[in-house]
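The values are calculated or read from the model by the stated rules, or taken from the named source; none is laboratory data. Worth saying up front: this structure is predicted, and the values here are computed from it rather than measured. Glycine gets a Cβ as well: all are built from the backbone with ideal geometry, and neighbour counts include every protein chain shown. Please note that ligands, DNA and RNA were not included when accessible areas were found on the heavy atoms of the full protein model with its side chains. Shrake-Rupley method; radii C 1.70, N 1.55, O 1.52, S 1.80 Å.
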Amino acid sequence: MTKIRDEQLLQAFGERVRSLRIERNLSQYELADTANISRSQVKGIEKGDINPSLCTMAVLADAFNITTSELTDF
């Protein structure tokens, strides 16, 4: 069971990923392909249902061409 604080953090991170994806005019499929992860994983992260690993965060940052710290700047 996740704590409310954890749920809020996952929601904020998911909103950040979604915002960056839309800003770059990418579909979930395109982001998933670029980051070499599944579309369902992108969807779960954006919804705050998945707690991404540090490695997943790194590949997402690379896909957006930003640093990991920029990805978590929310």
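Structure data summary
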| quantity | calculated |
| --- | --- |
| Solvent exposure ordering (accessible area, 1.4 Å, most first) of ILE22, ILE4, ILE66 | ILE4, ILE22, ILE66 |
| Extension gain from SER19 to LYS3, taking 0.36 nm per residue of separation minus the Cα-Cα distance | 3.3 nm |
| Positive-end residue, the chain charge dipole about Cα centroid, Cβ charges, pick of ALA35, ALA61, ILE45 | ILE45 |
| Rounded to the nearest 20 debye, dipole of the chain from Cβ charges on Lys, Arg, Asp, Glu | 180 debye |
| The range 65-73 - phi-based ³J(HN,Hα) in whole Hz, Karplus 6.51/-1.76/1.60, Gly and Pro as x | 6, 9, 7, 4, 5, 5, 5, 9, 8 |
| The chain - Rg and Dmax from Cα coordinates, angstrom | 11.3, 34 |
| Solvent-accessible heavy-atom area per residue, rounded to whole Å², over the chain at 1.4 Å | 66 Å² |
| Degrees, to the nearest 10: 54-64 long Cα axis against longest axis of the chain | 40 degrees |
